[in-house]
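Shown next, in structure tokens, is the structure this report addresses.
The values are calculated or read from the model by the stated rules, or taken from the named source; none is laboratory data. For clarity, every value in this text was computed on a predicted model and none was experimentally measured. Heads up, the Cβs are rebuilt from the backbone with ideal geometry, glycines too, and the neighbour counts pull from every protein chain shown. With ligands, DNA and RNA removed, areas are computed over all heavy atoms of the protein, side chains included. Shrake-Rupley method; radii C 1.70, N 1.55, O 1.52, S 1.80 Å.
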Amino acid sequence: MLNNIGLPGLLLIAVVVLVLFGRGKISSLMGEVGKGITSFKKGISEGEKDLSDEQTGEIASTPQPDVETKDKV
């Protein structure tokens with residue numbers, strides 16, 4: 001059923017969606033979709049890094065902040 005839509009059908013659907021939701025709502029929605037895709041890619045790359053660290057036997061450690069101690073006089 002969806003094989004027969006074609007370009008004119010897709011354009012009609014796009015126009016109807018634009019009329020119903022408005023340009024501002026659609027652009028904010030697409031911005032949120034972009035942020036979601038970015039965080040998904042970041043999560044995938046961090047997961048792959050963790051897997052490769054486990055396979056090599058290294059323990060992933062979080063960097064500790066440098067703490068300077070001052071002598072009390």
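Tabulated values for the structure
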item: Candidates GLY24, GLY6, GLY43 - the one that is at pLDDT 90 or above, small (Gly, Ala, Ser) and open to solvent by less than 70 Å² (accessible area, probe 1.4 Å); result: GLY43
item: Residue within the stretch 54-66 that is modelled with pLDDT under 85, surrounded by 10 or more Cβ atoms within 10 Å (Cβ to Cβ) and assigned to a helix (DSSP H, G or I) present; result: yes
